[in-house]
Each structure stands twice: as structure tokens, then as C-alpha cells.
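The values are calculated or read from the model by the stated rules, or taken from the named source; none is laboratory data. Keep in mind it's a predicted model, so treat the numbers as computed, not measured. Counting neighbours? That spans all protein chains shown, and the Cβs are built from the backbone with ideal geometry, glycine included. Ligands, DNA and RNA are stripped out before the accessible areas are found, and what is left, the full protein with its side chains, is counted by its heavy atoms. Shrake-Rupley method; radii C 1.70, N 1.55, O 1.52, S 1.80 Å.
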Amino acid sequence: MAVSTDFFNTPKVLDGGMGQDLLARGVPPVGTLWSASALIDPQYHGIVRDAHLDFIDAGADVIVTNTFTTRRNRLVENNIGDQFESLNQLAGQLAQDAKAQRPHVMVAGGLPPQQFTYEPDTRDNDAIMRDVLDQAVLLDPFVDFFYLDVLSSIREMAAAIAAIEPFNKPFLIGAHVSQGRCLPSGELVSQLNALAGHQQLMGVILACVSPETALENLPELQGLDVPFGVKVNAFKTTAPIGGYAQQLQDCC
């Protein structure tokens, strides 16, 4: 089912934020499971599929699996770590069910930050690679390409890329910038050129960024030697309180 690495050489539209959409459709959040709340209760499975279909009917060329919070550590945090395999496979299957009804769409396997959101993963590379691989193995049968979703450092992007290389499947990088021109790691978007030579790289997007941050980083994106885009949110900043705000100020 793999898609060509040239896919984003012409403009494409990705889907919207699944978590907020599911909340708007009446799915109650459970603990810190966020969008995964709709996977643990069968009565909401159809809502996930319908959300995928509605995004497609609104013009999306790509839908992302509902796997942002089916990472292992988030499930363990909510005492359902034993459902890691089943929930990831279910998310992949629901995306495929939508594709069966709209065959023109591409399914991206969402591989989120494997530890915290909007903060760099400070663990060693082997730990990052192991977690990414565990999730990618489960999604691989259902997806056309992988999407590294909202990662916060070049090091964790490189580790994730190394983890998915055995699948020989194209991938899209979703890099996060909370504010200014730096990733939470303090690295500039232009430094992503260090990853631009990978033969399976489809492009780079700024993921979960404000419109203002997207515009500020447009020159950085234009300087990358790959297709680029943005996936915006409605937040002025995503910097955690007491987190890396000073680092951003110092860098940018």
C-alpha cells in the first residue's frame, strides 16, 4: 500500500485534529487518553470512522490514524497498557474502513512523541527506537506511509526514522515549534536539512503550530530542500508552564 515519495510534490490536504473533533462529537475524555478515549469504548468506534470520512469529504487527501495517545507510556499511565496492541490495531483498522469507502485517500500511520508532548524526548536513542518500532509494527499493515507526528527534537526524529527503516515505507516529518523559530529542543527548523537526504522522506510539516508561528517559520521551511507544509492549531503557544519557555527565549 506504500505511496510514492513524490506524493507531496503537488499540494495535498491533511485531515484536522482528531482529538478536538471527537470531543465535539460527544466522546467523553478518559483520564489523559485524549483521542484514544474513543477506542476503548466500542460505542464510539463508529464516531472515529465517521470523523475520518467527514475529513475526507471535506477535502482531505490524507487521514492520520487515531494513534496520538495510543503510545505505550500514555496507556500505561491510564492503567491500560495491556491494550497497547489491540488499540493501535483498532485505530489502523478504522482508518482502513474509511479508506474502503473512499479509496482515493491515503492513510498515514501516526507515530507520536513516545514520551511527552511538546517536549524533547531525553531518553537514549535505543529507548526511543524501541517504542517507535513497537507502534509502527502494529500500524504497518494498515497504512500507506508513516507520519512522525509533532516531534520536538532532531535527535528523536532521527531515532524514529531509524526505527521505521526496516519497513521500507515513505514517511512525513511533523516537527513542532511552540513559538518563535525553534523546536522545543532549541534547534532551528532549518537544521532539519540534516534529515533531508533520506530516500524515503516525503516532506516536512510544522505540526500543531499557531498560524502566527507558521508564518514566522515560512522562510525556514522554504529553505529546506523538500516539500513542506503546516498543520495549524488555535493555540498561541504550546510551551508547557515551567517547561522550555526560557530555552526558547534564549534561542530565538
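For region 1-123, the fraction of C-alpha pairs farther apart than 20 angstrom is 43 percent. Once the Cβ-Cβ distance of A100 and T32 is raised to the sixth power relative to R0 = 30 Å, the FRET efficiency obtained is 0.45. Tell me the carbon and sulfur percent of the accessible area for region 138-199, rounded to whole percent, probe radius 1.4 Å. Answer for region 138-199 is 50 percent, counting heavy atoms of protein chains only.
Subtracting the Cα-Cα distance of D57 and Q20 from their residue separation scaled by 0.36 nm leaves 11.5 nm. Could you tell me whether the chain comes out rounded, prolate or oblate from its Cα gyration tensor? Rule is a ≥ b ≥ c as square roots of the eigenvalues, rounded for a/c under 1.5, then prolate if a/b exceeds b/c, otherwise oblate. Rounded, because the longest to shortest axis ratio a/c is under 1.5. Helical content alone sets the calculated 222 nm signal of the chain at -10500 deg cm²/dmol, taking -39,500 (n - 2.57) per DSSP H segment of four or more residues and averaging over every residue.
Compute the signed sum of charges (Lys and Arg +1, Asp and Glu -1) over the other residues within less than 12 Å, Cβ to Cβ, of M157. Once positives and negatives cancel, what remains is -3. Rounded to the nearest 20, the Cβ-based charge dipole of the chain about its Cα centre (Lys and Arg +1, Asp and Glu -1) stands at 200 debye. Computed on region 1-159, with alpha-carbon pairs under 8 angstrom and 6+ residues apart, the relative contact order is 23 percent.
N193 sits among other residues whose Cβ lies under 12 Å from its own Cβ, and their net charge, with Lys and Arg +1 and Asp and Glu -1, is -3.
Free of any chymotrypsin sites (Phe, Trp or Tyr not before Pro) that DSSP assigns to a loop and that have at most 16 other C-beta atoms within 10 Å, the longest stretch within the chain is 117-234.
Taking T10, T117 and ordering them by how much accessible surface each has at a 1.4 Å probe, largest first, produces T10, T117.
Positive contributions from Lys and Arg (+1) and negative ones from Asp and Glu (-1), summed over other residues with Cβ under 11 Å from the Cβ of A98, come out at -2.
With protein chains left intact and a 1.4 Å probe, residues in region 1-147 average 43 Å² of accessible area per residue.
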